[in-house]
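Below is one structure, written out as structure tokens; comments come after it.
Read-outs: derived from the displayed coordinates by stated rules, not from any lab. Keep in mind that what you see is a predicted model, and the values were worked out from it rather than measured. Cβ sites come from the backbone with ideal geometry, for glycine too, and all protein chains shown count toward neighbours.
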Amino acid sequence: MKVLLSIKPIYAKLIFEGTKKFEFRKSIFKNPDITTVVVYASSPMQKVIGEFEIDRILIDRLEDLWEKTKKYAGIEEDYFYEYFAEKEFGYAIKIKSTKKYKKSLSLKDDFNLTAPQSFLYLNHYDILENV
């Protein structure tokens, strides 16, 4: 099963370049059957640009999470702690493999969807199987 995540374009680019191997989240989807993340590069790009397979999801105290992920975090330590401000624990989705789409897709035009605040389950959007 797939889930759509909104990711800032700068970080989406690093994911598909292979230098960012962890996507950080304050909360995570509850469905344990999610194996793939479809990447929606948020404003100003506003396009679905590819997907990645999930290796595993880490949950840990912030200090430990940073130590485990910092080499391939794709963000600076200051930003990490700023992002997780007021939180004791954080999530890191470890990226197993990536697939960049040949053609970027519009949520509105191609799927009649709006960008999610955090995530959106995509089990009914079979069109993504053939991109």
So, in segment 1-39, exactly how many residues are polar (S, T, N, Q) and farther than 17 Å from Leu58 by Cβ? 4
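Suppose we filter segment 49-105 for residues that are aromatic (Phe, Trp, Tyr), part of a loop (DSSP other than H, G, I, E, B) and touching a Phe, Trp or Tyr at 6+ places or on another chain (Cβ under 6 Å); how many remain? Before you say what the answer is, go through the steps one by one.
Of all residues in segment 49-105, those aromatic (Phe, Trp, Tyr) come to 52, 66, 72, 79-81, 83-84, 89, 91, 101.
Applying the additional criterion that residues be part of a loop (DSSP other than H, G, I, E, B) yields 84.
Those still in the list that are touching a Phe, Trp or Tyr at 6+ places or on another chain (Cβ under 6 Å) too: none.
Summing the residues that are aromatic (Phe, Trp, Tyr), part of a loop (DSSP other than H, G, I, E, B) and touching a Phe, Trp or Tyr at 6+ places or on another chain (Cβ under 6 Å) in segment 49-105 gives 0.
Here's the yes/no breakdown for (1) free of Cβ contacts under 8 Å to residues at least 60 places away in the same chain; (2) under 29 Å from Asn123 (Cα atoms); (3) surrounded by 13 or more Cβ atoms within 10 Å (Cβ to Cβ):
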residue	(1), (2), (3)
Phe22	no, yes, yes
Val37	yes, yes, yes
Ile59	yes, yes, no
Lys94	no, yes, yes
